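Enquirer: Following this message is one structure expressed as structure tokens.
Nothing in this text is a laboratory measurement; each read-out follows from the coordinates by a stated rule. Predicted model only: the values in this text are computed from it and were never measured. Ideal geometry is used to build each Cβ from the backbone, glycine not excepted, and the neighbour counts take in all protein chains shown.
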Amino acid sequence: MKAVASVTMNRVNSTEGEYARISQGGSIRNIIFQEGQYDCARESIRNQYNPQNIYNMNPTEIHYYIADWALAGNRLNEIGNCLWYLNPFKPTCSSTFPSNGSGTFHTRYGKHCFYRPTAKYART
């Protein structure tokens, strides 16, 4: 959860590229609700109801702790300045992500692959 929070806050604080425009100066809400970014912010996926959307969740103390941790400026060192993550559902990670090549593989953390921006990202 801290890794995803780190990526989210990296997007919020991005000073260039797509996420700088989306966050409009630091809006977490704009980042989370950007179309197609976080499955939990979608009520449906592939025209099927998503029962794991945020409207059905009951946050616990750990969720509040991680939100406070990230809002206080904390980040996982392992994640660095990564702007993307995904679970590839396989043991290897692609060398680039997203498909436009604006991110390059940084690390695997748990089951997820994390990608940091390349120079190309600034032009997205």
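Enquirer: Can you give me the C-alpha center-to-center distance between the range 43-110 and the range 1-34, rounded to a whole angstrom?
Expert: Cα centroid to Cα centroid, the span is 12 Å.
Enquirer: From Cα pairs below 8 angstrom and at least 6 apart in sequence, can you work out the relative contact order of the range 2-123, rounded to a whole percent?
Expert: 25 percent
Enquirer: Would you mind working out the magnitude of the charge dipole of the chain relative to its Cα centre, with +1 at each Lys and Arg C-beta and -1 at each Asp and Glu C-beta, to the nearest 20 Debye?
Expert: About 360 debye.
Enquirer: List the cysteines of the chain that have no other Cys Cβ closer than 4.7 Å: which are they?
Expert: For the chain, the answer is Cys40, Cys82, because their Cβ atoms have no other cysteine Cβ under 4.7 Å.
Enquirer: Of the listed peptides 25-33, 95-103, 114-122, what is their order by residue-averaged count of other C-beta atoms within 10 Å, with the highest listed first?
Expert: 114-122, 95-103, 25-33
Enquirer: Moving on to the next point. If eta is 1.002 mPa s and T is 20 °C, what Stokes-Einstein diffusion coefficient results for the range 1-102, Kirkwood Rh from Cα pairs, in µm²/s?
Expert: Rounded to a whole number, D works out at 143 µm²/s.
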